[in-house]
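The values are calculated or read from the model by the stated rules, or taken from the named source; none is laboratory data. None of these values were measured; they are calculated from a predicted model. Neighbour counts are summed over all protein chains in view; Cβ atoms, including those assigned to glycine, are modelled from backbone coordinates with ideal geometry. For the accessible areas, the whole protein counts, side chains as well, though only heavy atoms, and no ligand, DNA or RNA atoms are used. Shrake-Rupley method; radii C 1.70, N 1.55, O 1.52, S 1.80 Å.
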Amino acid sequence: MLNIYILEDNPAYLKTLTHELKNFIMIEELPATIKLATASPKTLLQTIKPAAEEDSLYLLDIEIDNSDLSGVDVATAIRNASLFTDIIFVTSHTEAALSILTHKIAPLDLIDKNAPISETSNQLRRDIQQVLDRVEDRKIRSHNQFNYSVNGQMFAVRLDELLYIQTATGNPGNLEMHALDEIATFHDNLNHIASLYPTLFRVHKSVLVNPDHIKQLDTTNHYLYMDNDAKLDVSFRKQKLLKKMLNHHHSK
């Protein structure tokens, strides 16, 4: 399900955007829903952390009256939480969109409030379909390769070559990926990665592992050893399930 969030300070235009999206979703029977439509950036900011773990789309008015936060500020917070969440900017001053370039937000689209509503509606339909196609493609690709982004550039590693992913020590908001032949640091969070790659197992709050590359589980000291001899902590509550999973895997 694609969750859609809208930030727009003009009540009439907020109503229009919501109406157009709801109609399109209903008529086309799309796997999408409007989770929140608001004029408050602070209210929207509260949704960012949970939305980073979902398939989400944000429509953001760039300039918000009576607020010390702009749509660009909100978008920056969204991008810091997730590289995959899609963002569409909305503005009546298209020249303001130039400020987006300096923030490396990589929005999906820009909607001009001055455009006829029929044009806006068609633009929204194309954007929603593109987001849904990307979500589906990401799910398909996730079965055989791990994808990550560094400075806006996408990279991929065969999923069967991935060993583990852990939070980067001393580098908040970043993860460290260890594969058979490479190590990479990138911006994301483990909850989001776990939602995209269900074959990875959370052995600890800060570690996701590929069970196929676990060499040994030490249940006495709560450690496991990977094929590259890395020693990783295993939380006590995950140990029983992991042991059961490994026994099942080795019995095949």
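Just the residues that are among the charged types (D, E, K, R), in a loop (DSSP other than H, G, I, E, B) and open to solvent by 50 Å² or more (accessible area, probe 1.4 Å), please, taken from the stretch 187-217. Within the stretch 187-217, K205 is the sole residue that qualifies. On inspection, T220 qualifies as open to solvent by 20 Å² or more (accessible area, probe 1.4 Å), at pLDDT below 90, more than 13 Å from Y164 (Cα to Cα) and part of a loop (DSSP other than H, G, I, E, B). Of the strands (runs of 3 or more DSSP E) lying entirely inside the stretch 1-104, those containing at least 1 residues that are free of Cβ contacts under 8 Å to residues at least 40 places away in the same chain and in contact with a helix residue (DSSP H, G or I) (Cβ under 7 Å, 6 or more places away or on another chain) are 32-38, 86-91. Residues that are modelled with pLDDT of 90 or more and among the acidic types (D, E) within the stretch 23-72 comprise E28, E29, D61, D68, listed in sequence order.
Residues that are modelled with pLDDT of 90 or more, in contact with a Leu (Cβ under 6 Å, 6 or more places away or on another chain) and not in a loop (DSSP other than H, G, I, E, B) do not occur anywhere in the stretch 141-154.
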